[in-house]
Amino acid sequence: MAIVLNIPGLGGSGPTHWQSRWEMLYPECRHVEQCNWNIPDKAEWLDALDAAIRACDEPPILVAHSLGCALVAHWASQHKFIPIRAAIMVAPADVDDRDTLPAELFSFGPMPLGVLPFPTTVIASTNDHYVQLNRAKLFATAWGSDFVNIGAAGHVNADSHLDAWDFGWNLVQELLDAVEDEQTALQA
């Protein structure tokens, strides 16, 4: 199994968040550590993400949540040649919506809308107060991502009571299988 690199959003992922649960359940999971989870500095967060990716022994699968999705999009726009196996972008916070977003996240806008240079899937909820479903679909289209609507699951965080979120873990496995099948076909 490839390294799964969790990229939390604002506040980090507390002990009841599915990202934290994955790190307890699956040895291939680790997370990007930020020096200040509550007052994000875009440049510092980008540096931490870059260091975590470069520390991986093999191309990782990125699993970003909320502000972590904008972080990955910004990172990818600056680092096109560092190998990433794939990415899951969960509940991407709309960093362009100044009406609902906390002010400390404004520096992460505008959201990069270029095609990501690795396979991705965007997962969104119909009642997420940090991103409207149509905006999440727009991000998926712009990034060249597959899109999964998981229904009414809020911000897909600890408040959503997803426990270890088996559905999300299965999507990671499906994306990894698809990437490996594609690589095998290219080598044949």
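The values are calculated or read from the model by the stated rules, or taken from the named source; none is laboratory data. These figures come from a predicted structure and were not determined experimentally. No Cβ is skipped: glycine too gets one built from the backbone with ideal geometry, and neighbour counts run over all protein chains shown.
What the table shows:
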| read-out | value |
| --- | --- |
| Scope the range 41-53; condition surrounded by 15 or more Cβ atoms within 10 Å (Cβ to Cβ), more than 20 Å from Asp96 (Cα to Cα) and out of contact with any Phe, Trp or Tyr (no Cβ under 7 Å at 6 or more places or on another chain); matching residues | Ala48, Ala52, Ile53 |
| Test: residue in the range 54-68 that is crowded, with 17+ Cβ neighbours inside 10 Å and among the acidic types (Asp, Glu) | no |
| Residue that is surrounded by the fewest Cβ atoms within 10 Å (Cβ to Cβ) [pool: residues in the range 129-161 that are within 15 Å of the chain's Cα centre (by Cα) and part of a loop (DSSP other than H, G, I, E, B)] | Gly144 |
| Residue, surrounded by the most Cβ atoms within 10 Å (Cβ to Cβ), within the range 101-112, restricted to residues that are touching a residue at least 40 places away in the same chain (Cβ under 8 Å) and over 15 Å from the mean Cα position of the chain (by Cα) | Leu105 |
| Tabulated pairs, the range 149-178, first under 23 Å from Glu28 (Cβ atoms) and touching a residue at least 60 places away in the same chain (Cβ under 8 Å), second basic (Lys, Arg) and part of a helix (DSSP H, G or I), C-beta under 9 angstrom, 6+ apart or interchain | Leu162/Arg21; Asp163/Arg21; Ala164/Arg21; Trp165/Arg21 |
| Unmet requirement for Ser13, which otherwise passes all of (1) within 24 Å of Ala178 (Cα to Cα); (2) under 13 Å from the mean Cα position of the chain (by Cα); (3) surrounded by 21 or more Cβ atoms within 10 Å (Cβ to Cβ) | (1) |
| Qualifying residue in the range 115-122 (condition: of a type in the set (S, T, N, Q) and within 14 Å of the chain's Cα centre (by Cα)) | yes |
| The range 72-85, residues that are within 18 Å of Pro119 (Cβ to Cβ) and either touching a helix residue (DSSP H, G or I) at 6+ places or on another chain (Cβ under 8 Å) or not hydroxyl-bearing (Ser, Thr, Tyr) (or both) | Val72, Ala73, Trp75, Ala76, His79, Lys80, Phe81, Ile82, Pro83, Ile84, Arg85 |
| Breaking point among (1) closer than 22 Å to Val131 by Cβ; (2) touching a His at 6+ places or on another chain (Cβ under 9 Å); (3) surrounded by fewer than 19 Cβ atoms within 10 Å (Cβ to Cβ), for Arg98 | (2) |
| Enumeration of residues in the range 94-105 that are at pLDDT 95 or above and of a type in the set (A, V, I, L, M, F, W, C) | Val95 |
| Qualifying residue in the range 117-128 (condition: among the polar types (S, T, N, Q), surrounded by 20 or more Cβ atoms within 10 Å (Cβ to Cβ), touching a residue at least 24 places away in the same chain (Cβ under 8 Å) and outside any loop (DSSP other than H, G, I, E, B)) | yes |
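Table: residues versus (1) of a type in the set (Ser, Thr, Tyr); (2) at pLDDT below 95; (3) more than 14 Å from Leu5 (Cβ to Cβ).
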residue: His65; (1), (2), (3): no, no, no
residue: Trp75; (1), (2), (3): no, no, no
residue: Pro83; (1), (2), (3): no, yes, no
residue: Pro92; (1), (2), (3): no, no, yes
residue: Ser107; (1), (2), (3): yes, yes, yes
residue: Met111; (1), (2), (3): no, no, yes
residue: Thr126; (1), (2), (3): yes, no, yes
